[in-house]
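What follows is one structure encoded as structure tokens, with my remarks underneath.
The values are calculated or read from the model by the stated rules, or taken from the named source; none is laboratory data. Keep in mind it's a predicted model, so treat the numbers as computed, not measured. Here Cβ is always computed from backbone atoms with ideal geometry, including for glycine, and neighbour counts include all displayed protein chains. For accessibility, only protein heavy atoms count, side chains too; no ligands or nucleic acids. Shrake-Rupley method; radii C 1.70, N 1.55, O 1.52, S 1.80 Å.
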Amino acid sequence: TPDHVAFDPGDQRFASATYDPVSLYRASGTVAFFDRQGLSPDRLHAQYQAQTARLRSLFAQQDPDPDRIRLATDAATPHGGFVAFRSDRAREICAELRRRGVFTDARGSILRAGPAAYTSSAMCRDFTVVLMEAVESVYGA
């Protein structure tokens, strides 16, 4: 009837008008790329652990004012490939970083930075410099 939308009674009802399978092809392509590059889950985990350790170390070298920003986690704390920072103005720092072309995420007083499989050591170093510039911009020098 014209006032009723009909759906397949089986599992194909989810492959109708609102379903977009492009993400499945994209995911398949990503998995294939990772396989070609030898980026196994174990190798990626080791890489993320090294990158997050480097970010924590580089951040400490910047000698940040802990009243403005400080690490929220340490190496022993599960962190899912992210480095978390604590600041009362985390959202403002996140916005300032975005204005500078750096994408992070902020939740309450937590600012998170997550390196990707393609993040280089130089990019980690550059991030900590830009982070401190953003903190200074938000809080004032």
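Please work out if Ala27 is more than 20 Å from Arg112 (Cβ to Cβ), in a helix (DSSP H, G or I) and modelled with pLDDT under 90.
No; evaluated as a whole, the condition is false for this residue.
Considering only the range 89-97, I want to know if a residue exists there that is open to solvent by 30 Å² or more (accessible area, probe 1.4 Å), among the acidic types (Asp, Glu), more than 30 Å from Phe33 (Cα to Cα) and touching a residue at least 40 places away in the same chain (Cβ under 8 Å).
Scanning the range 89-97 turns up at least one residue that is open to solvent by 30 Å² or more (accessible area, probe 1.4 Å), among the acidic types (Asp, Glu), more than 30 Å from Phe33 (Cα to Cα) and touching a residue at least 40 places away in the same chain (Cβ under 8 Å).
Can you find even one residue in the range 67-88 that is more than 23 Å from Met123 (Cα to Cα), open to solvent by 60 Å² or more (accessible area, probe 1.4 Å) and among the acidic types (Asp, Glu)?
Yes, the conditions are met somewhere in the range 67-88.
Residue pairs, Cβ under 7 Å, 6 or more apart or interchain, first in the range 51-64 and among the aromatic types (Phe, Trp, Tyr), second at pLDDT 95 or above and open to solvent by less than 20 Å² (accessible area, probe 1.4 Å). List them.
Listed pairs, sorted by first residue: Phe59/Thr128.
I'm checking my understanding of the structure. Among residues of the range 98-116 that are among the hydrophobic types (A, V, I, L, M, F, W, C) and in a loop (DSSP other than H, G, I, E, B), which one is surrounded by the most Cβ atoms within 10 Å (Cβ to Cβ)?
Once the filter is applied, the top-ranked residue is Val102.
Just checking, which of Asp67, Asp42 is of a type in the set (D, E, K, R) and either touching a residue at least 40 places away in the same chain (Cβ under 8 Å) or not in a helix (DSSP H, G or I) (or both)?
Testing whether each residue is of a type in the set (D, E, K, R) and either touching a residue at least 40 places away in the same chain (Cβ under 8 Å) or not in a helix (DSSP H, G or I) (or both) leaves just Asp67.
Looking at this structure, is Ala53 surrounded by fewer than 18 Cβ atoms within 10 Å (Cβ to Cβ), modelled with pLDDT under 95, assigned to a loop (DSSP other than H, G, I, E, B) and out of contact with any strand residue (DSSP E or B) (no Cβ under 8 Å at 6 or more places or on another chain)?
In short, no.
Out of the range 117-135, which residues are over 22 Å from Gly80 (Cβ atoms), open to solvent by 30 Å² or more (accessible area, probe 1.4 Å) and of a type in the set (A, V, I, L, M)?
Within the range 117-135, Ala122, Val129, Val130 meet the criteria.
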